[in-house]
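Enquirer: Below: one structure in structure tokens.
The values are calculated or read from the model by the stated rules, or taken from the named source; none is laboratory data. Keep in mind that this is a model prediction, so the values were computed, not measured. Reconstructed Cβ throughout: ideal geometry from the backbone, glycine too, with neighbour counts over all protein chains shown.
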Amino acid sequence: MPLKLAILIDELAPGSAPKLMGWPLRHLRAMGVEAEGLVVIDRGHDKAHQEYYDQHLDKAPIRYLFPCFPVWARRLNCRFPGMSFFSMHHVMSGLFAHRAIGEREFDVLIACCQYSTFAARNLKRRRGIPFLTLVWDPSTFMARKIYKERFGWKYPFLYAAAAWLDRYALARCEAVITSGHFHHAHLRRLTTKPLEVLYPACFSVDRLPDFSQRERRIVAWDRWDIGNDPRVFVNLLTELEDRRIQLTIGGFWHPASMQMSFLTELDRRGLRNRVEVLGPLDEKAITALCSRAMLHVHPIHEAFGMQTLEAAGCGCPGVIPAGSGVAELFEDGVSGFHPPPGDRGALVDCANRFFRDAALARRMSESCWRVARDRTWKRYALDLKAIAERYV
């Protein structure tokens, strides 16, 4: 009997989610696995950015659970105060997700992020389907990172809620999957469940672009929001030794006013002529940009850092804070730079060192590409299948 596996996510938010859903499903199905994507809530992101989403999710079977909820539950469309994503719809999935799934329809679920475990726990209880929790960053880590300064005296209450959510997400799973080892010590204090590491994948070019044709340009793209402020690049550009270095920055801007604020700051600092601001990037655009830029900078410490791996697949080395999961794949000073998290001076020093030493830059380009080309989506799917089979 083939393995029946579902990848469960709360919503297909802009950014890496469509890739992490679509490409594993394609490769798992090619291996004979009966794989399907389960999405709790449809926020309409795929319709707003159809070309981007279709590139990753084409031919990937996706089932939405929300239409099977009672009408009154679907009307409870309110987010919790101060939260960017967490809403009553997540809580309702803990009561009604089973309405969309048959008894033991899958052998195992991969519940991506803490919010999706409301549905996963419901499906385990009502449909007898075990699940593994894929944790990017613990909720307590994100609370400290994003909300501590914003919430003031209310922060302890938020942190307590985040601690509860972490324990809730881990209490009924068979094992925990992470994208690196950074959070393992913290997770060990929360659970005795097995910890598995699953590094994401990328698309790499078959032939390394000619380094002599690269521009003295930094490239960055992400989902820019309250926890990922792009204004750090304004300070970076003003502190670089070489004032000719350009920046191309793209991605999803949430809310749209963040892009306008960024452009206003560039104008105020006299940097508009050095910066190219783009919207969402598809794989073709990412490959084109990273094949002509010299350096990728991702200043935010996070669980993995997909963009750094994708840039390396085109021979564009990355600067990303130490402790990020992707930093485990690249050697500091050899195939990438890993300054301490939050150390702006160290980040600037890494960029200056890179652009100052052409021989180092060339070696680093070749080295990071050799690492990235082995991290294929087929390999990712094989690793995910092997992990899942250990708990079926």
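Enquirer: Suppose we filter the stretch 198-219 for residues that are among the aliphatic types (A, V, I, L, M) and touching a strand residue (DSSP E or B) at 6+ places or on another chain (Cβ under 6 Å); how many remain?
Expert: First pass over the stretch 198-219, keeping only residues among the aliphatic types (A, V, I, L, M): 198, 201, 205, 208, 218-219.
Still in the running and touching a strand residue (DSSP E or B) at 6+ places or on another chain (Cβ under 6 Å): 198, 218-219.
Residues meeting the conditions: 3.
Enquirer: Is it true that Arg150 is surrounded by fewer than 20 Cβ atoms within 10 Å (Cβ to Cβ), at pLDDT below 95, assigned to a helix (DSSP H, G or I) and more than 17 Å from the chain's Cα centre (by Cα)?
Expert: Working: surrounded by fewer than 20 Cβ atoms within 10 Å (Cβ to Cβ): yes; at pLDDT below 95: yes; assigned to a helix (DSSP H, G or I): yes; more than 17 Å from the chain's Cα centre (by Cα): yes.
Judged against the criteria, Arg150 is a match.
Enquirer: Here is a follow-up. If Phe141 satisfies all but one of (1) farther than 23 Å from Val326 by Cβ; (2) surrounded by fewer than 20 Cβ atoms within 10 Å (Cβ to Cβ); (3) under 22 Å from the mean Cα position of the chain (by Cα), what's the number of the condition it fails?
Expert: Here Phe141 meets the rest and fails (1).
Enquirer: Now for a different question. Do you know which residues across the stretch 351-392 are among the hydrophobic types (A, V, I, L, M, F, W, C), touching a strand residue (DSSP E or B) at 6+ places or on another chain (Cβ under 9 Å) and at pLDDT 95 or above?
Expert: If we filter the stretch 351-392 for residues that are among the hydrophobic types (A, V, I, L, M, F, W, C), which is where we start, we get 351, 354-355, 358-361, 364, 368-369, 371-372, 377, 381-382, 384, 386-388, 392.
Of the ones still in play, those that are also touching a strand residue (DSSP E or B) at 6+ places or on another chain (Cβ under 9 Å) are 351, 354-355, 361, 364, 368, 371, 381, 384, 387-388, 392.
Of everything in the stretch 351-392, those that are among the hydrophobic types (A, V, I, L, M, F, W, C), touching a strand residue (DSSP E or B) at 6+ places or on another chain (Cβ under 9 Å) and at pLDDT 95 or above turn out to be Ala351, Phe354, Phe355, Ala361, Met364, Cys368, Val371, Ala381, Leu384, Ile387, Ala388.
Enquirer: Determine which member of the set Ala100, Ala30 is at pLDDT 95 or above and either among the basic types (Lys, Arg) or in contact with a Cys (Cβ under 7 Å, 6 or more places away or on another chain) (or both). Let's see the steps before the verdict.
Expert: Details: Ala30 fails: either among the basic types (Lys, Arg) or in contact with a Cys (Cβ under 7 Å, 6 or more places away or on another chain) (or both).
None of the others qualify; the one that does is Ala100.
Enquirer: Taking Asp242 and the conditions (1) surrounded by 17 or more Cβ atoms within 10 Å (Cβ to Cβ); (2) modelled with pLDDT of 95 or more; (3) touching a Lys or Arg at 6+ places or on another chain (Cβ under 8 Å); (4) not aromatic (Phe, Trp, Tyr), which numbered condition does it fall short on, given that it satisfies the others?
Expert: Evaluating Asp242 over (1) surrounded by 17 or more Cβ atoms within 10 Å (Cβ to Cβ); (2) modelled with pLDDT of 95 or more; (3) touching a Lys or Arg at 6+ places or on another chain (Cβ under 8 Å); (4) not aromatic (Phe, Trp, Tyr) leaves (1) as the failure.
Enquirer: Considering only the stretch 119-126, I want to know if a residue exists there that is in contact with a helix residue (DSSP H, G or I) (Cβ under 8 Å, 6 or more places away or on another chain), assigned by TED's automatic domain parsing to the domain that holds Gly94, part of a loop (DSSP other than H, G, I, E, B) and within 29 Å of Leu65 (Cβ to Cβ).
Expert: no
Enquirer: Could you tell me which residue of the stretch 237-285 is nearest to Lys19 (Cα to Cα), considering only residues that are of a type in the set (D, E, K, R) and not in a helix (DSSP H, G or I)? Talk me through it step by step, then tell me what you get.
Expert: Restricting attention to the stretch 237-285, the residues satisfying the condition of being of a type in the set (D, E, K, R) are 239, 241-244, 265, 267-269, 272, 274, 276, 282-284.
In the following step, the residues that additionally are not in a helix (DSSP H, G or I) were identified as 241-244, 269, 276, 282.
Numbers: Glu241: 36, Asp242: 35, Arg243: 35, Arg244: 34, Arg269: 36, Glu276: 25, Asp282: 11 Å.
So, considering only residues that are of a type in the set (D, E, K, R) and not in a helix (DSSP H, G or I), the one nearest to Lys19 (Cα to Cα) is Asp282.
Enquirer: Still on this model: Out of all the residues in the stretch 1-25, which are modelled with pLDDT of 95 or more and in contact with a Phe, Trp or Tyr (Cβ under 8 Å, 6 or more places away or on another chain)?
Expert: Residues satisfying the conditions are Lys4, Leu5, Ala6, Leu8, Trp23, Pro24.
Enquirer: Let me confirm something: among Ala381, Ala346, Ala359, Ala303, which residue is buried (at least 19 other Cβ atoms within 10 Å of the Cβ) and in a helix (DSSP H, G or I)?
Expert: Working: Ala346 fails: buried (at least 19 other Cβ atoms within 10 Å of the Cβ); Ala359 fails: buried (at least 19 other Cβ atoms within 10 Å of the Cβ); Ala303 fails: in a helix (DSSP H, G or I).
Of the residues listed, the single one that is buried (at least 19 other Cβ atoms within 10 Å of the Cβ) and in a helix (DSSP H, G or I) is Ala381.
Enquirer: Quick check, is Val234 farther than 27 Å from Cys112 by Cβ and either part of a helix (DSSP H, G or I) or within 15 Å of the chain's Cα centre (by Cα) (or both)? Please lay out each step first, then the result.
Expert: Working: farther than 27 Å from Cys112 by Cβ: yes; either part of a helix (DSSP H, G or I) or within 15 Å of the chain's Cα centre (by Cα) (or both): yes.
The answer is yes for Val234.
Enquirer: Among the listed residues Arg127, Arg104, Arg172, Arg121, identify the single one that is on the phi > 0 side of the Ramachandran plot, touching a Lys or Arg at 6+ places or on another chain (Cβ under 8 Å), in contact (Cβ under 8 Å) with a residue 24 or more places away in the chain and surrounded by fewer than 22 Cβ atoms within 10 Å (Cβ to Cβ).
Expert: The unique qualifying residue is Arg104.
Enquirer: Moving on. Exactly one condition in (1) over 17 Å from the mean Cα position of the chain (by Cα); (2) assigned to a loop (DSSP other than H, G, I, E, B); (3) touching a residue at least 60 places away in the same chain (Cβ under 8 Å) is not met by Met1; state its number.
Expert: Only one criterion is unmet by Met1, namely (3).
Enquirer: Ok, one more. Look through Val297, Val348, Val326 and report the one residue that is more than 16 Å from the chain's Cα centre (by Cα), of a type in the set (A, V, I, L, M) and assigned by TED's automatic domain parsing to the domain that holds Leu247.
Expert: On the way: Val297 fails: more than 16 Å from the chain's Cα centre (by Cα); Val326 fails: more than 16 Å from the chain's Cα centre (by Cα).
Answer to the check: Val348.
Enquirer: Find the residue count for the stretch 84-104, including only residues that are within 24 Å of Val392 (Cβ to Cβ) and in contact with a strand residue (DSSP E or B) (Cβ under 7 Å, 6 or more places away or on another chain).
Expert: Counting residues in the stretch 84-104 that are within 24 Å of Val392 (Cβ to Cβ) and in contact with a strand residue (DSSP E or B) (Cβ under 7 Å, 6 or more places away or on another chain) gives 1.
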